[in-house]
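As structure tokens, the structure follows; a few thoughts come after it.
The values are calculated or read from the model by the stated rules, or taken from the named source; none is laboratory data. Keep in mind it's a predicted model, so treat the numbers as computed, not measured. No Cβ is skipped: glycine too gets one built from the backbone with ideal geometry, and neighbour counts run over all protein chains shown. With ligands, DNA and RNA removed, areas are computed over all heavy atoms of the protein, side chains included. Shrake-Rupley method; radii C 1.70, N 1.55, O 1.52, S 1.80 Å.
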Amino acid sequence: MHLTREEESVLDGEQGPGAAKCMEILAALGDVYGADRLIPVESVQVAGVSYRTVGEAGLEFLEDLAASGASATVPSRLNPAGMDLERWREMGVPAGFAERQLRVVEAYRSIGVEPACTCTPYYLEEPGLGDHLAWSESSAVSHSNSVLGARTNREGGPSALAAAVVGRTPNYGLHLDENRVPDVRVETGYEPEGTAGYGALGVAAGEALGNRVPVLDLGSPSRDELKSLGAAMASTGSVALYHVEGVTPEVGSMEYEVEETIRVEEPELEVGDDVDLVALGCPHLSGEELRRAAEGLEEVSTPIWLFVSAAVRGLNPEAAEMLEGAGARVFTDTCMVVSPLDEMGYRRVLVDSGKAYTYLPGLTGVEARFASTERCLEVAAGG
Ligand code: F3S
């Protein structure tokens, strides 16, 4: 990959050892994927925040990088951490975990990465059509590529952090027009209902698609439904970009022919009300989802946690207060998948998210049950 003279000087250490290390990561990545050059990015989203995933080695790497003086040069935000950064005691997070989690976030903060801790950074600042990004959480990548028409590969934690410091990313993959064209059509044998229905469809479609770029024939799903669909397709498969005819912004101006059409039926996900926690907000809830939940919940008999970004919670204080008043907990900075639910004593969790349903057993060791959002709220209310 070609580096400009200025980029070479960063690699040679003229901006310090941390920036040199970051340039080294990007140059190696660019060489592996055959990128021609680095391109500027508008923003960065860094995954690898929960202490559960980064561990001691990751914490040490981050503290060393922070000590080297490396600093983000473009707007950069964090993915969810393993706990609500303020209300972790209320969640029941063990103190030892919390101490290390706070150190991870502090290291990122001193590198200049904003601890917004959300997988929905597009609610804080929406990328524009054609913007180049370096984002890493798979649902955020899917949503920004597909629904917003921005361009990002699915970055690993280190490559996103390197992009934050350097302000650039290698030009390959989904940054290039030719890799954004659909190569498979997906038809559904039924009409999905609500965000949960689209999440369930995403579970089945992701399994069938792997890492291809599909075009889907759907009605006119809302943005929240698309968010749920994309998150699930990126969990059972690794779909980082999809198109929906007549809905998503790029497909109408593309010329393409697909060689294959696959038909996806409604999957059978495990249901059941016998749970010790109801958890909503994977991906983090939009303001509208939070307000709708507040209207649909008057009392709580089974614990219910809702996950949002601090920004969305801050913009919807009445909904958050109504939910908390009913006995629910509206946590920020974290989610049901990256927090240590097993260490907090939970065994079975009810979700309305195809992604959470897919990941909970493997990543947290708890069993998952699936239901519509409305049913989740009924179960929380004891119905
Ligand atoms: Fe977000 Fe956690 Fe789901 S990071 S997409 S809420 S698994």
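I'd like to know which of G13, V338, S139 lies farthest towards the positive end of the charge dipole of the chain, counting +1 on Cβ of Lys and Arg and -1 on Cβ of Asp and Glu.
Looking along the dipole axis, the top candidate is G13.
Given DSSP loops and a limit of at most 15 other Cβ atoms within 10 Å, what is the longest stretch of the chain that contains no such trypsin sites (Lys or Arg not before Pro)?
The longest uninterrupted stretch comes out as 88-346.
Run the numbers on the chain and let me know its relative contact order in percent, using alpha-carbon pairs under 8 Å that are six or more apart. Display every interim value, and only then the final one.
Values: 892 pairs, mean separation 67.9, N = 383.
Relative contact order comes out at 18 percent.
Helix hunt in the chain: which complete DSSP H runs extend at least 18 Å axially by C-alpha with mean Kyte-Doolittle at least -0.5?
17-33, 51-67, 95-111, 194-209, 223-236
Give me, ordered by chain and number, the residues 5 or more places off V278 or on other chains with an amide H under 5 Å from its own placed amide H.
I304, W305, L350
Excluding R103 itself, calculate the net charge of residues whose Cβ lies under 13 Å from the Cβ of R103, where each Lys or Arg counts +1 and each Asp or Glu counts -1.
Neighbourhood net charge equals -4.
5 Å is the cut-off here: which amide hydrogens, built 1.01 Å from N in the peptide plane, fall below it relative to L78, excluding neighbours closer than 5 in sequence?
Residues meeting the criterion, in which the H sits 1.01 Å from N, are V46, E114, A116, C117, T118.
For A326, what is the net charge nearby, where nearby means another residue's Cβ is under 9 Å from its Cβ and Lys, Arg count +1, Asp, Glu -1?
Value of the local net charge: -3.
Of all accessible surface on the chain at a 1.4 Å probe, what whole percent is carbon and sulfur?
46 percent
In square angstrom, what is the accessible area per residue of the chain with a 1.4 angstrom probe?
40 Å²
Can you tell me the dipole magnitude for the range 16-76 around its Cα centre, using point charges on the Cβ only (Lys, Arg +1; Asp, Glu -1), in Debye to the nearest 20? Before the final figure, lay out the partial values.
On the way: 3 positive and 8 negative charges, 24 e Å.
For this selection, approximately 120 debye.
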